[in-house]
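Participant: Got a structure here, written out as structure tokens. Questions coming.
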Amino acid sequence: MVRVLEAVPNFSEGRDLSKVRALVDTIEATGVEVLDWSADPDHHRCVISYIGDPDLVVRASIAAAEFARDHIDLREHHGIHPRVGALDVMPLVPLHGVDMVDAVAAAHRIGSAIAELGVPVFYYGQASDPVGRGLAELRRGGFESLELGFPADRRPQVPASAERPHPSAGVTCVGARRVLLAWNLFLRGIGVDQAREIAAQVRERGGGFAGLRALGLHLESRDRVQISMNLEDPVQTPPLAVFSAIEKAVGARGGDIVETQVIGMIPDALVLPAAQERLHVLDLEPARILSHRVRMHVQGRLDAGTPTSDDAI
């Protein structure tokens with residue numbers, strides 16, 4: 001069985017594209033396959049998706065963490081997205097021939113190595129103890145809220161003795177999870193305050209959809225209003241249902257949804273032609289669809305004669 005683990009790290013750099021490309025090159029040099037990367041200047045954030053054998057993914061993730069520590073300085077960082085680290089979050093996702101236990105083990109290997117780089121680590125999702133610690137809790141108040149020391153209810157897991165974040169790289173949240181949908185809806189005809197009202201209404205914490213995290217934002221460089229979301233289980237909570245609820249709320253305020261932007265790879269929940277047309281999804285092509293790229297990756301490794309877990313001694 002070919003073993004495929006995915007990492008989808010988020011970095012606090014979205015404006016210096018030469019730095020982002022150097023980061024992508026650093027990751028690719030370890031032998032993993034980079035599926036996608038994107039950078040946003042208003043969020044001041046980039047997201048890189050890569051897959052490979054778990055050992056290679058661990059190696060690539062540690063190299064990425066070291067690059068972020070050395071080249072991204074949170075003391076000079078200002079963006080609209082919540083963040084606590086230069087390498088802000090590092091989620092591991094089991095895709096083929098591995099399970100969540102393997103993803104958690106990889107997360108802990110990566111977390112320990114990042115801590116050795118001098119950057120304290122919080123575990124979240126399936127990698128935390130107890131399981132299920134959320135990112136919103138860990139990033140409350142951002143990097144600035146941690147600069148003078150860790151609150152009693154937010155202490156890093158490794159090293160347990162850490163008293164403060166790394167002065168420029170902050171902390172890193174390392175987790176394990178299933179495939180999620182990271183997506184942004186661009187709105188027209190309403191203001192950011194109304195977008196925030198809608199986001200508060202639809203997200204889980206406000207009594208809305210299960211597993212939905214949502215923020216209403218204004219993108220200053222483009223003068224656009226956006227609802228930025230993570231949907232933790234797009235099978236349990238259909239994206240179309242979320243879209244329809246937001247569309248209704250936006251319409252009631254005199255606006256409409258212009259387009260949908262997916263960050264990272266596109267899960268199968270958005271592949272249906274009806275969903276593509278209804279949601280105004282940008283760039284829905286085979287190269288962006290996660291399951292398609294995983295099949296190609298697995299077949300490529302088989303064709304190349306890459307040893308599988310069944311061949312291991």
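Participant: Residue under question is Ala176, and the condition is that it be crowded, with 20+ Cβ neighbours inside 10 Å and more than 30 Å from Asp99 (Cβ to Cβ); does it hold? Working first, answer last.
Facilitator: Numbers: crowded, with 20+ Cβ neighbours inside 10 Å: yes; more than 30 Å from Asp99 (Cβ to Cβ): no.
When the stated conditions are applied, Ala176 does not pass them.
Participant: How many residues are assigned by TED's automatic domain parsing to the domain that holds Ile246, at pLDDT 80 or above and of a type in the set (Val, Ile, Thr) when one looks only at the stretch 256-311?
Facilitator: Final tally of qualifying residues: 6.
The values are calculated or read from the model by the stated rules, or taken from the named source; none is laboratory data. As the structure is a prediction and not an experimental result, all values here were calculated from the model. We place every Cβ from the backbone using ideal geometry, glycine too, and count neighbours over all the protein chains shown.
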